[in-house]
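Visitor: Can you read through this structure? Questions will come right after.
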Amino acid sequence: MSVEQATGHRVWQRMPQGWIEFRALGDRSPDEWLERYLEGGKGWLPEEAREAIVAGFHEGVRTFADTGFDFAGVSIVLGERPAVSFLCTNVVVTGPEDTADAVSLHRLLPLGRFGDDATAETFASPDGRVGTVTSGLVSRGGMDAVMTVGEIRLPEEAGTVVVMGMCSDPAQRQELAVMTAFALSMTQYLPEGVEPQLPEGARFETPLDDGLT
C-alpha cells in the first residue's frame with residue numbers, strides 16, 4: 001500500500017495478507033478495492049459475512065476519510081480465538097536537525113498511558129533501526145481490549161513512524177505487539193521513482209502497487 005505526500009515522496013507500508021485498508025487504496029475507488037479483496041472469498045465466504053465486511057469497510061472508509069493518518073485498517077482473525085485487530089499509521093516527516101529518541105520516550109510513558117499493567121519493548125527493524133512498542137489493557141464501551149502505541153525513526157532521519165493498534169481479544173496482546181512492530185519496520189518513505197525494498201528472502205505477494213499488501 002502506498003500514499004503520496006505533499007513533499008513529492010510517497011509513504012509505503014506492507015501489511016499482513018488479508019489486511020483490509022480504509023485509507024491507502026491507491027488509484028482505486030473504495031468499491032474497486034473491496035471487490036478485489038473479496039475475490040479471494042468466492043465459493044466459501046458466507047453471504048452474511050460478506051455483507052458484514054462490505055458494510056464495515058464502507059463505514060471505516062467514511063470514518064477515516066478526513067483524518068491525517070497515512071494508513072488505517074483492520075485484520076480479521078477467525079478460528080478458536082476470533083478477533084479484530086486495528087492499526088493506524090501516521091508518518092511525521094522531519095529534517096535531520098529534528099531528532100526524537102523514541103526509545104527513551106516510550107520508557108517514560110507506559111504507566112501514564114496504560115497503568116500498572118503496561119509494558120514497553122524494543123525491537124530491531126531489518127535494517128538495524130530500533131523501535132519501541134508500548135502495550136496495555138484498556139476498556140472501551142464496556143469491552144476489554146488491548147492497545148499498542150509504537151514508534152520508529154525513518155532511515156536517514158527523515159522523520160518518525162507512529163502506529164497505534166487495538167485488538168478486541170486481550171489475550172492476543174503479544175500478537176498485536178508483533179503486528180505493530182511489523183507495520184513500523186515495513187513503513188518506508190520513498191522519493192519519486194524509487195520502489196520499496198524488502199529484507200533479503202522476503203517477497204511481494206503481488207506486483208507493486210497492484211495488490212492488497
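Visitor: Just give me the residues in the range 160-183 being of a type in the set (Ser, Thr, Tyr) and either free of Cβ contacts under 8 Å to residues at least 40 places away in the same chain or not in a helix (DSSP H, G or I) (or both), in sequence order.
Guide: Taking the range 160-183 first, the residues of a type in the set (Ser, Thr, Tyr) are 160, 168, 180.
Within the range 160-183, Thr160, Ser168 meet the criteria.
Visitor: Could you tell me how many of the residues in the range 29-57 are outside any helix (DSSP H, G or I) and modelled with pLDDT under 90?
Guide: 5
Visitor: Please specify each residue of the range 34-72 satisfying the condition of being among the aromatic types (Phe, Trp, Tyr) and without any contact (Cβ under 8 Å) to a residue 24 or more places away in the chain.
Guide: Keep residues of the range 34-72 that are among the aromatic types (Phe, Trp, Tyr), which gives 37, 44, 57, 64, 69, 71.
Listed by number, the list holds a single entry, Trp44.
Visitor: Of these, Pro207, Pro155, Pro170, Pro196, which one is at pLDDT 85 or above and either surrounded by fewer than 20 Cβ atoms within 10 Å (Cβ to Cβ) or under 25 Å from Leu34 (Cα atoms) (or both)?
Guide: On the way: Pro207 fails: at pLDDT 85 or above; Pro155 fails: at pLDDT 85 or above; Pro196 fails: at pLDDT 85 or above.
The match here is Pro170.
Visitor: Also: Quick test of your reading of the structure: Thr63 fulfils all but one of (1) open to solvent by 50 Å² or more (accessible area, probe 1.4 Å); (2) at pLDDT below 85. Name the failing condition by number.
Guide: (2)
Visitor: Could you tell me which residue of the range 141-159 is nearest to Ala83 (Cα to Cα), considering only residues that are in a loop (DSSP other than H, G, I, E, B) and in contact with a strand residue (DSSP E or B) (Cβ under 9 Å, 6 or more places away or on another chain)? If you could, list the steps in order and put the result at the bottom.
Guide: To start, the set of residues in the range 141-159 that are in a loop (DSSP other than H, G, I, E, B) comprises 141-142, 154, 158.
Then keep just the ones that are in contact with a strand residue (DSSP E or B) (Cβ under 9 Å, 6 or more places away or on another chain); that gives 154, 158.
Values: Leu154: 30, Ala158: 35 Å.
Per the criteria, the residue is Leu154.
Visitor: Of Arg23, Arg36, Arg14, which residue is farther than 22 Å from Val161 by Cα, open to solvent by 20 Å² or more (accessible area, probe 1.4 Å) and among the basic types (Lys, Arg)? Quick ask: steps written out before the conclusion?
Guide: Values: Arg23 fails: farther than 22 Å from Val161 by Cα; Arg14 fails: farther than 22 Å from Val161 by Cα.
Being farther than 22 Å from Val161 by Cα, open to solvent by 20 Å² or more (accessible area, probe 1.4 Å) and among the basic types (Lys, Arg) holds for just one of Arg23, Arg36, Arg14, which is Arg36.
Visitor: Okay, next question. Of Phe71, Phe86, which residue is of a type in the set (Phe, Trp, Tyr) and out of contact with any Lys or Arg (no Cβ under 9 Å at 6 or more places or on another chain)?
Guide: Values: Phe71 fails: out of contact with any Lys or Arg (no Cβ under 9 Å at 6 or more places or on another chain).
Going through Phe71, Phe86 in turn, just one is of a type in the set (Phe, Trp, Tyr) and out of contact with any Lys or Arg (no Cβ under 9 Å at 6 or more places or on another chain): Phe86.
Visitor: Can you find, within the range 70-83, the residue that is farthest from Ala171 (Cα to Cα) among those that are hydrophobic (A, V, I, L, M, F, W, C) and under 10 Å from the mean Cα position of the chain (by Cα)? If you could, list the steps in order and put the result at the bottom.
Guide: Quick first cut of the range 70-83, residues hydrophobic (A, V, I, L, M, F, W, C) only: 71-72, 74, 76-78, 83.
This time we only want the ones that are under 10 Å from the mean Cα position of the chain (by Cα), so: 71-72, 74.
On the way: Phe71: 25, Ala72: 22, Val74: 17 Å.
Among them, the one singled out is Phe71.
Visitor: Any residue in the range 127-144 that is among the small types (Gly, Ala, Ser) sitting within a Cβ distance under 6 Å of a residue that is open to solvent by less than 80 Å² (accessible area, probe 1.4 Å) and outside any strand (DSSP E or B)? List the pairs, counting only those 6 or more apart or interchain.
Guide: Between residues of the range 127-144 that are among the small types (Gly, Ala, Ser) and residues that are open to solvent by less than 80 Å² (accessible area, probe 1.4 Å) and outside any strand (DSSP E or B), the close pairs are Gly131/Leu184; Ser135/Arg173; Ser135/Ala177; Gly136/Phe114; Gly136/Asp117; Gly136/Ala118.
Yes or no, residue by residue, for (1) touching a helix residue (DSSP H, G or I) at 6+ places or on another chain (Cβ under 7 Å); (2) at pLDDT 90 or above; (3) open to solvent by 80 Å² or more (accessible area, probe 1.4 Å):
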{"residue": "Ala6", "(1), (2), (3)": "no, no, yes"}
{"residue": "Glu59", "(1), (2), (3)": "no, yes, yes"}
{"residue": "Ala72", "(1), (2), (3)": "yes, yes, no"}
{"residue": "Leu108", "(1), (2), (3)": "no, no, yes"}
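Visitor: Restricting attention to the range 174-192, report how many residues are crowded, with 19+ Cβ neighbours inside 10 Å and within 11 Å of Ser135 (Cα to Cα).
Guide: Adding up the residues that qualify gives 3.
Visitor: Does at least one position in the range 84-97 carry a residue that is free of Cβ contacts under 8 Å to residues at least 12 places away in the same chain and within 26 Å of His9 (Cβ to Cβ)? Explain how you work it out, then say what you get.
Guide: So the first thing to find is which residues in the range 84-97 are free of Cβ contacts under 8 Å to residues at least 12 places away in the same chain, and the list is 97.
This time we only want the ones that are within 26 Å of His9 (Cβ to Cβ), so: 97.
Among the residues of the range 84-97, at least one is free of Cβ contacts under 8 Å to residues at least 12 places away in the same chain and within 26 Å of His9 (Cβ to Cβ), which makes the answer yes.
The values are calculated or read from the model by the stated rules, or taken from the named source; none is laboratory data. Just so you know, these numbers come straight off a predicted model, no measurement behind them. Cβ atoms come from the backbone with ideal geometry, glycine included; neighbour counts cover every protein chain shown. Calculation scope for accessible area: heavy atoms of the full protein, side chains included, ligands and nucleic acids excluded. Shrake-Rupley method; radii C 1.70, N 1.55, O 1.52, S 1.80 Å.
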